[in-house]
Structure formats: C-alpha cells, structure tokens
Amino acid sequence: MKLALRNMKRSIGNYLSYFLTIMIAITLMYSFTALASSKDIISLSDTMPVFKKYIIILTFITSAMIAFVISYASDFMIDQRKKEFAVYKVMGMEQKIINRLFCIENMLLFLMAMSIGIALGAVFAGGLTAYVMKIFHTSHRYGVNLSGFPVIYTVVFGMIIQLISAIRIIYNLNHKKIIDLIYDSQKNERASIRYNLKRRVLSFIALILYPIGMWLVWYGLTCSSRSAWIYLGTATICILFSVILIYRYFPIMITSVFNKAEKWKLRGTNLFLLKQFSSRINSTGKILAVVAVLLTLAMSVIAGGLFMGASYTVNIEDYAPYDIAIKIDADIDNFEKELTYIEKQVPVTDYVDYKLYETAQIPDMPILAISDYNHIRKQLDLKPVELGDKEYAVHCEPGYEKEMLAGMKEKPAVKIADQGLFPADTPLHTETIEQYWMAGDKGYAMVVPDWLADGLPTHKSRLIVSTYPAAPKEIKKELYSVISDHLEPYITKGFLSEHTEIGVLVKTWTVANSLTGYTIISFCCLYMGIIFLILVGSLLAFQQMAAAEKNNKKYIMLYKVGVSWQQINLLALKEMLLFFITPVIVPLLVTFSLAGILNSILKDRVYAVNIILRYTGVAVTVFMMIYIFYFIITFITYRRVALRHCPKAKGKDRKK
C-alpha cells in the first residue's frame, strides 16, 4: 500500500490529463443528475420529471464512452512505466502482485478524482439549479446540492468505469513479457506519405460527400414529405464519412505538399517539424478521424442545444399570447359555464367569445369578423384595424407573408357569398395573435365586415380571457373537465360527435412547460457536448503523452547539435498546436455551415434576428475555452516528459 501511494504521488504529474478527465466527467455526471433530481426543479412543471429520465439514460451512455477513454489512458500509463514493471519482474515480484499494485494506484487516483468531482459537482449543481429557477422566474436561494440518489448513482457508475479499466489493465499487464517492457519503446513504426491513386480517389470522394451532405440537410429541412428523415439521416452519414476521409488522407496530402517546398522545409527547424508531423499523421490518422468526428458531434450538439433552447424562450409569448384561451371545434351558443368557473378562480378583466367562419369559395381560409378581430387585438394591446364594407384584410404568421402578398397581387378581388371584396389600404397584418389555435387554424385568417360574416356557416367556437393576476397553471386540467361537462348534453342529443376537438391554452402552464422543453434540450445537449469534448481532449492528451517518451531523445539530439533551448521549447509548442488545431478545422466548418443552413430556413419562424448563428458562436466559444484548457494541461505534461533531460540554457543560449 505504501509503495502504491508513493508511486501515485510520484506519477500524478504525468497522469494529470487522466486525473482531470475523471474529475470533470464525475463533476458533470453528478451535477446534472443532482439538477434533474432536485425537488425544486421537478415541481416546476408537469413534464419536468422527463428531464431526470433523459439525464439518467445519457449518464448510462456517457459512462460507457468514458470507460473506453479511461481504458485507453490505462494503456498509456502502462506504457510510461513498463521499464519499472520490468524491474519488478526481474527482482522476482509475481505478476499478480504487480497487477494488484498498479490497480491500487489506479483506484486511489480514481477515488481522489471522484471525491473532488462529486464535491465540485455539488457546488456546480447548486449553481445550475439557481440558474434554472431564474429562467422560470421562481425565487430560489443558492445552496450546495449534495443529496443521496445523485451520489449513489454517480459512485455506482464511477465504479463500473473503474472496473472496466481494471480489467483492461490486468489483461495488458498479463500479456507483456519482460523483453517487451524493456525494449517496446525502441520499436519504430514504418510510415509513408506516398501520395498514391487510392488517396487521391478517397480525398476526392471526401470533397464530394461534404456538399452532398449539406444539400441533403437543406432539402430534408425544407421538403414536406415523410421522407425528410431519410434525407437527414443520409446527410448525417455523408457529412461524417466526409470528415473521416478528410482526416484520414488530407493531412498526408498536406505534408506531401510541404515536403516539396524546399525553401520552407530547410528553414530553421521546419524539416524536423515536418518529419515529426508526417510520422505522427501516418501512425495516428485513424485516431485523428475519430477525434474529428467527436469534435463535430460535440460542437453541433452544444450549438444545437443552445439555439433550440433559446428559440423556446424567444417564441414562448408567440405560442401563448393570451392568459386563457379555449377552442371548441363546434358551433356552441356561449361559454357561460367556462367563464363562470374562471371568474371563481381568478379575476377576469376582459374576454371575447367569437366564431371562425368558412366559405366554399375559399375553403382553406378561416374567416374572422372585423369586430371580433379588433377585440382580439385589444386583448394584446394592438391598435384596431379599419375595414370598409367592401374590403377585406388578411392576418398571418410572418412565415406566410410573402405567399399572401403574392396571392393578393395576382388576384386582389375575392368573392364571398356572392359579394365582391377588395384589399384594404393595409391588406396584410403579421402581429403575433396565435393563428394555429385561436385566430385561425393554419397560420392565417381573412378578416371581413361583420355584416358579411354573420351570413357565413361556422363550426368553430373560441373564447379568449384576460385575467389579473395571471391564471394559475393548474386551471388548465380543471377547464378540460368543465368543457366536457358543457358539451355532454350536445353529444347526448347527437348534435356533436364525442370526438369533437377541444383545447385549452393557459399562459402560465404553456410558459412553464415550454421552459421545461428549453431546459431538457439545452442541458441534455450541453451535457453530451461537453462529455464528447472532454473525451476528445483526453484522447489527444493521451496520444501526445504516448509520443512524448520517443520525442525526448530527439529533442536531446537537437540540443546536442546546437539548437537552443528556446527553439526546442517553441518547436514542442508548434508540434502540439498542429495536433490540436488540425482536427478542429473541419468540425468548425461543419458546425457553421449547418448553422447557416438552419438560420436561412428558420429565420421566419424564430422571432429573433440570427439567433441560430449567435448561439452557435456562443457554443463555439464555450467549446474553445474547454479545448484550450485541455491544450494547456496537455502541453505542460508533455513538456515534463518530452523535454526531460534536455538541459535548460543558463544565461544566454550557446551559439550554434
């Protein structure tokens, strides 16, 4: 045990990336589980318990992914200490003792990271809870969120991850011979950067698949057929395969091009840098491809979660502009029962009950009487609209504006009930009045004079009620019972079908549940995106550390032939930058391309200018902050190993 503790303390500097990966993963697992399990959060809306289910499922998935990366890290840790294990074997230590020693070290490191992760997760969960409560405009005092279920759940999955890692460690140690442990680091990989026909063909396919994938995304989002999901699925496959092929072969092509640039290649330490990059690209091309795919998923998921969640908050008022709204797709005499019930629950300041009319001349166009239309506008503090006896106007959602204007320009006059009508001076209005439920049923409605509307057939009744204070969200369920009791005599007498469609909109309920959707989408995507990101950071970090030992001898050789310490230090930084920058270029391109497509398609449906591009920028900023953090930690650890035994210059560097 003492030896395990001593080895853990001695090696923790080299295992910094491993330690941070576990700590951040546990922090995320605990904080999001604690957030979703909080009683305050669950009580915010009827659908909030779904959040907990999603987080539990995502945690299960991410645990498997983290276990894979931790196992990969264990290989690196064994590789770093293979000579030490060889010495133990030469001294006569049994293999099972070596296995136990390393597993204890690994377990102690894991337990330390898990303890810190849970503590940080409790602090972070308290902040997340306060933030969500603020989104719901609910008062809440910050507190550290440390509770039973999240702790048990995190510990159980943490131990499963560690168990998988221990199995991998024991397997690798048992299959290593003394000769392998001593001389494995001296094995050289043969690599070639030949620019052959196969690479040209596959590179060309990669370039073709990318625009095809983007076009399929656009087409899948704009087409109205049931095949849209097939197009989007095919687009995803095309884009991901394009990313894989680009990173599998393009870096080799780039090194081939730079290898031919004689002047650049022979300048300073560029030749050494090029050889290092070429050798590593040939041996790690598959890993770079996997990393690029994970980075693409990470950025896309974070960006998608943020702007989808933001669109919920932007459009909430448009989904539910009225305090209470009731729809009954039948012609009923009045809403007295509903109004009486509402007045008992909350003070009513104003109400309007009205009909949606129809006409055989324009069967797809719902019709409103001008008096009802202006009363609806009054409810929303909008100015009234004037309409002549022979005039009409159209009110529609912004997405239908161009279509409606084009139709009125092509055929301005309409005939309803043998009466000719012409467009009013202001023929089109697009203010938010909710036209899929209340002031229409397809996103638009025609407004006509009262005298004309009175003679039209109708089968849809509506009620809009303004209250002060806001109606409680619980009233929604109760109103359904009141409406059912109201319609029962109509159904019994055969005047109405028992399948008559009814609906109730209560602003407080809609806001709460819409914000629930925002919370679920944003936080689940953020959770998965950051998990993808730390996995990528870990893979890159472990890959760099695996090469650090080999590069140590090369850097010492450079110093011996006269290259200054500062130049060697800069060379190590350049090499690290190349391997961190290279896999992030195409994912950034993919993310902003997708954001641009979505922004152009959905800009009329999301009532905020460039909200998709804006939140994509926020997501990329968050992504880059975490990515840069991993780069700094990796470089610090890499320098400790790769530049070990490379003497620092004292005073001035010696001249070449």
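The values are calculated or read from the model by the stated rules, or taken from the named source; none is laboratory data. Since the structure is predicted, the reported quantities are computational estimates derived from the model, not experimental observations. Positions of Cβ are backbone-derived with ideal geometry, glycine not excepted, and every protein chain shown enters the neighbour counts.
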- [ ] Sort through Met133, Met114, Met91, Met107 and tell me the only one that's at pLDDT below 70, among the aliphatic types (A, V, I, L, M) and in the same structural domain as Met29 (by TED's automatic domain parsing).
- [x] Met91
- [ ] Test Thr458 against the stated conditions and say whether it is closer than 27 Å to Ala417 by Cβ, among the polar types (S, T, N, Q) and surrounded by fewer than 20 Cβ atoms within 10 Å (Cβ to Cβ).
- [x] yes
Open item on the list: Any residue that is part of a strand (DSSP E or B) and at pLDDT 90 or above - is there at least one of those in segment 328-340?
Closed with: yes
Open item on the list: Can you find, within segment 485-502, the residue that is surrounded by the fewest Cβ atoms within 10 Å (Cβ to Cβ) among those that are within 14 Å of Phe335 (Cβ to Cβ) and of a type outside the set (D, E, K, R)?
Closed with: Ile502
- [ ] Hey, can you tell me all the residues within segment 385-411 that are without any contact (Cβ under 8 Å) to a residue 12 or more places away in the chain and either closer than 30 Å to Pro321 by Cα or assigned to a loop (DSSP other than H, G, I, E, B) (or both)?
- [x] Lys402, Glu403, Ala406, Gly407, Lys411
Open item on the list: If a residue must be outside any helix (DSSP H, G or I) and under 16 Å from Asp350 (Cβ atoms), how many such residues does segment 364-384 contain?
Closed with: 4
- [ ] Report the residue count in segment 108-155 for those that are surrounded by fewer than 19 Cβ atoms within 10 Å (Cβ to Cβ) and part of a helix (DSSP H, G or I).
- [x] 19
Open item on the list: Against the definition (part of a helix (DSSP H, G or I), among the aliphatic types (A, V, I, L, M) and modelled with pLDDT under 80), how does Ile556 come out, yes or no?
Closed with: yes
Open item on the list: Please verify whether Thr591 is within 24 Å of Leu58 (Cα to Cα), touching a residue at least 12 places away in the same chain (Cβ under 8 Å) and among the polar types (S, T, N, Q), treating the condition exactly as stated.
Closed with: yes
Open item on the list: For segment 390-402, give me each residue that is in contact with a Phe, Trp or Tyr (Cβ under 9 Å, 6 or more places away or on another chain) and at pLDDT below 90.
Closed with: Glu397, Pro398, Tyr400
Task: Out of Thr616, Thr582, sole residue that is at pLDDT 80 or above, closer than 27 Å to Tyr18 by Cβ and assigned to a helix (DSSP H, G or I) - done: Thr582
- [ ] Take segment 417-456 and flag every residue that is touching a Ser or Thr at 6+ places or on another chain (Cβ under 8 Å), modelled with pLDDT of 90 or more and over 19 Å from Tyr351 (Cα atoms).
- [x] Leu456
- [ ] Kindly indicate whether any position in segment 440-463 is in a strand (DSSP E or B) and without any contact (Cβ under 8 Å) to a residue 60 or more places away in the chain.
- [x] no
- [ ] Kindly indicate whether Thr467 is of a type in the set (S, T, N, Q), crowded, with 21+ Cβ neighbours inside 10 Å and under 18 Å from Gln379 (Cβ atoms).
- [x] yes
- [ ] Can you confirm whether segment 371-391 contains a residue that is in contact with a helix residue (DSSP H, G or I) (Cβ under 9 Å, 6 or more places away or on another chain), surrounded by 17 or more Cβ atoms within 10 Å (Cβ to Cβ) and within 19 Å of Ile332 (Cα to Cα)?
- [x] yes
TODO: Could you please find all residues in segment 353-372 being of a type in the set (A, V, I, L, M, F, W, C) and under 42 Å from the mean Cα position of the chain (by Cα)?
DONE: Leu356, Met365, Ile367, Leu368
Task: Pairs where the first residue, in segment 503-528, is within 30 Å of Phe335 (Cβ to Cβ) and not assigned by TED's automatic domain parsing to the domain that holds Gln345 and the second is at pLDDT below 80 and in a strand (DSSP E or B), C-beta under 7 Å, 6+ apart - done: none
Task: Residue match in segment 492-503 (condition: modelled with pLDDT of 90 or more and among the hydrophobic types (A, V, I, L, M, F, W, C)) - done: yes
TODO: Go through (1) in a loop (DSSP other than H, G, I, E, B); (2) modelled with pLDDT under 70; (3) buried (at least 18 other Cβ atoms within 10 Å of the Cβ) one by one and return the number of the condition Ser192 breaks.
DONE: (3)
TODO: Give Val414, Val348 a once-over and let me know the one that is over 15 Å from Lys442 (Cα atoms) and more than 42 Å from the chain's Cα centre (by Cα).
DONE: Val414
Task: Output for segment 539-573, where each listed residue is loosely packed, with under 15 Cβ neighbours inside 10 Å and closer than 18 Å to Tyr627 by Cα - done: Leu573
